[in-house]
Amino acid sequence: VTLNMADAGTRESDLEIAKKVEETRQRFKTEHVQDSTDKYDARDVERLQKDDLLAESYLTWRHYIVDDALKMIDESFQWRKEFQVNDLTESSIPKWMFETGAVYLHGYDKEGNKLFWFKVKLHVKDAKSVIDKKKYVAFWLERYAKREPGMPLTVVFDMSESGLSNIDMDFVKYIINCFKVYYPKFLSKMIMYEMPWIMNAAWKIVKTWLGPEAINMLKFVSKNEVQEFIGAEYLPTYMGGTDTFKYIYPPLPDDDFQSPICENGPIASEDENEGKDGESETKSETNSLADPTQKPKKVVDSSGSSGRSVSFWSVKKC
């Protein structure tokens, strides 16, 4: 069962939910939108009025307390405008960020939730790239929200070979807020893989940001325990799994979704035959998200082509 912040709340009847959705919409329009038309992206405001699932997601995340839901919508919509989330494309993000493979979507946990991977060893605090890093995370989340509306994510913080230099508390707090405020009902759980003991103090702070009702979402696991949550088929070999998936860019791994991208079903991975050697990680992972001048080695596929860019929400031809 997917955990969310509304689990402890009283379940509302369909009629009560409908009434609160309408109240939320009307009050947001009169209390927040009327005198501040430049505060939000008009597309988000319009979607709130039309999308029942979106309006209800804020309410359920805030235990059906309309005042709390309105505060959450206000904060979320302001963030969406500030980061121009509706207009984020691949070209909005520096190419080197995609090339590092520090953040990506791939595979599913045992409950069928999509896995959102953070390779912590590739993150180093750097003030110059912090905004781009935040947009990078927003790009992936918005991409997933469009592809799998209403489906939760499981975040995997892979802390293998990481240390204190890889912990950027501001960035971690931003990731927490993405699930706590900006994308309600998106988070299933957070799996902390092989967290070094030296990071214990930092993660005690993170727990306070999550709040007591979300603590159960945190799962601290070792190599021996991770298969309680993720099957071997979606774990790389260094985690004791059998998944030979290799993240390379370009293109984005668009074939890895529950929803088929074309009418004929999911498209075979363009690099699925390249993983037969059992190596789960490439040496290019030593590249860091913090250093845009340190360019990763360009990946070339077996045909000699360096790949092609995929436009935002593009559909592959079958």
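The values are calculated or read from the model by the stated rules, or taken from the named source; none is laboratory data. Here the structure is a predicted model, which means the values were calculated and not measured. When we count neighbours, we look across all protein chains shown, and the Cβ atoms used for this are built from the backbone with ideal geometry, even at glycine. Ligands, DNA and RNA are stripped out before the accessible areas are found, and what is left, the full protein with its side chains, is counted by its heavy atoms. Shrake-Rupley method; radii C 1.70, N 1.55, O 1.52, S 1.80 Å.
General observations
- Scanning the stretch 153-191 for residues that are over 24 Å from Lys135 (Cβ atoms) and surrounded by fewer than 20 Cβ atoms within 10 Å (Cβ to Cβ) gives Ser160, Glu161, Gly163, Leu164.
- Cβ-Cβ under 6 Å pairs, at least 6 apart or on other chains, the stretch 67-86 side within 15 Å of Phe139 (Cβ to Cβ), far side part of a helix (DSSP H, G or I): Trp79/Tyr182; Arg80/Asp44; Phe83/Lys135; Phe83/Ala138; Val85/Ala138; Val85/Glu142; Asn86/Arg43
- All positions within the stretch 71-94 that are more than 16 Å from Tyr144 (Cα to Cα) and out of contact with any Lys or Arg (no Cβ under 9 Å at 6 or more places or on another chain): Ile73, Glu75, Ser76, Trp79, Glu82, Ser91, Pro94
- Of all residues in the stretch 208-224, at least one satisfies being open to solvent by 70 Å² or more (accessible area, probe 1.4 Å), basic (Lys, Arg) and either in contact (Cβ under 8 Å) with a residue 12 or more places away in the chain or closer than 18 Å to Gly112 by Cα (or both).
- Members of the stretch 109-130 found to be open to solvent by 30 Å² or more (accessible area, probe 1.4 Å) and within 16 Å of Met192 (Cβ to Cβ), listed by number: Lys121
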